[in-house]
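Okay, structure first, notes after.
Here, each number is a calculation from the coordinates, and none is a lab measurement. Source: prediction; values computed, not measured. Cβ coordinates were reconstructed from backbone atoms using ideal geometry, including for glycine residues, and neighbour counts include every protein chain displayed.
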Amino acid sequence: MVKKQRDGFQVCQKKINKAMKKKLKVRGLKVPPSIILSHFCNDNRIKNYYDVSFNLWESKNAQDKELDVFDFDLCIIPTNLSYELYKSGYPLKLLCVNIWGILHIMSKGNEFFSWSNLHGKSIAVPIKGNMPDTIFKVLAKKNNCDFEKLDIIYCESYQEAYQFLIKGKVDFAVLPEPYASDIELKGFNRVLNLQDNWGRSFDTKTRYPQACTVIHEKFSMEEYRNFYNVLKSSSKKIYEDPEDSSKVGQSLLGIDSKIINNSFKYCNLETISGSDSLKEIQLFFEILNNFSNNINNEFNIDSNFIAL
C-alpha cells in the first residue's frame with residue numbers, strides 16, 4: 001500500500017513538474033541539421049526545464065505551411081528565408097548559424113568539371129527557390145554559365161533529385177549531404193564542391209551561412225544564451241561522437257547510419273552566434289542581391305534581427 005501511494009505520488013509529481021515547464025516547440029526538415037536539433041532536445045539543460053515537442057517537416061510544403069502561422073519556437077531554416085520572414089513581421093530572431101554548406105554537384109561521369117561542361121546537359125535541382133537552387137544559380141551566373149544551354153529539372157525533394165540521377169534521367173544533380181555520400185557509395189562522383197567553388201568565385205572563405213537557428217522573440221536573453229550554448233555543444237557532439245550521431249540521423253532521416261557517418265566529413269557544421277556571424281551573413285546577402293533575381297534588395301540587417 002505504501003509503495004502504491006509512493007508511486008502515485010511520483011506520477012502526480014511528474015505531472016505537476018511537466019505542467020510547470022514552459023512549452024518548447026522545435027521543428028526541422030529531414031536533413032543533417034535535425035541531428036543537431038535532436039541532440040539539443042535531449043540535453044538536460046533543455047528537457048529538464050521545458051516540455052519539448054520535436055517534430056520534422058515531411059516536405060518543404062509542410063515547412064512553409066507551419067512557417068506561415070509560425071506556431072513554434074525554434075527551428076533551423078535557410079538564412080535568407082529567416083530574414084525575409086523577419087522583414088515580413090514574423091516574431092522571430094536569428095540566434096546562430098549552424099550550417100556553412102553541405103552541397104555538391106554529383107555525376108555518373110568522372111570527367112574534369114567546368115561550368116561550361118553543363119552546356120547541353122541536364123541537371124536535377126531539388127526544391128525550386130530553396131538553398132540548393134539559390135547557391136547553384138548564383139555560382140552558375142558568376143561563372144558565366146548560359147542557362148539557355150542547359151536543361152534544369154526541378155524536383156520536389158532531395159530524394160527525387162537523387163533518384164533522377166540514379167536512374168540516368170539527368171547528367172548531373174545538386175545534392176546535399178547525406179544524399180551526396182549515399183549516391184557516391186553507389187559509384188557516382190563528386191564533380192564540384194559548391195562550398196569550395198563559392199570561396200574561389202567570390203574570394204571568400206570556402207563556406208557560406210546556409211542555414212540558421214531562428215527563435216521566437218518571446219524568450220528572454222538568458223534563455224537565448226542557454227539555447228545557443230546547448231546548440232553549440234550539440235553541433236560539437238556530431239564530431240565528438242559521430243557513431244551515436246549517425247544512429248540518431250538514421251532514425252530521423254531513414255538513411256543508413258554508415259552513410260550518415262561518412263557524410264559528416266563533407267558537412268560544414270558549426271554553431272556560431274548571430275553577432276559573430278554577422279559580417280559573413282551581410283556579405284552573403286550582398287552576393288544574393290547581386291546575382292539572384294528573386295531576392296529583394298533590402299538586406300540591410302538591423303540589430304533587432306539578431307538575438308545574440
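A few comments on the model shown:
- Structure-derived semi-axes √(5λ) of the Cα gyration tensor in Å: which label, when the choices are (i) 40, 23, 16; (ii) 37, 23, 16; (iii) 46, 20, 16: (ii)
- The Cα center of the range 130-196 and the Cα center of the range 220-290 differ in position by 22 Å.
- A Cβ-based charge dipole, computed about the Cα centre of the chain with Lys and Arg at +1 and Asp and Glu at -1, lands at about 1160 debye.
- In a reduced charge model with +1 at each Lys and Arg Cβ and -1 at each Asp and Glu Cβ, the range 103-202 shows a dipole moment near 160 debye about its Cα centre.
- Normalised per residue, the volume of the convex hull around the Cα set of the range 118-258 (Å³): 153 Å³
- Among H39, H119, H216: highest mean-square fluctuation, GNM of the chain, C-alpha pairs under 10 Å: H119
- Bridge orientation summary for the chain: considering DSSP beta bridges with both residues in this region, about 55 percent are antiparallel.
- Considering only the range 103-202, percent of DSSP beta bridges that pair antiparallel, nearest 5: 55 percent
- Relative to the longest principal axis of the Cα atoms of the chain, helix 221-240 runs at roughly 60 degrees.
- Too-long pairs where the Cα-Cα distance tops 30 Å, listed order kept, from K60/K167; K21/K232; K25/K169; K25/K247: K25/K169
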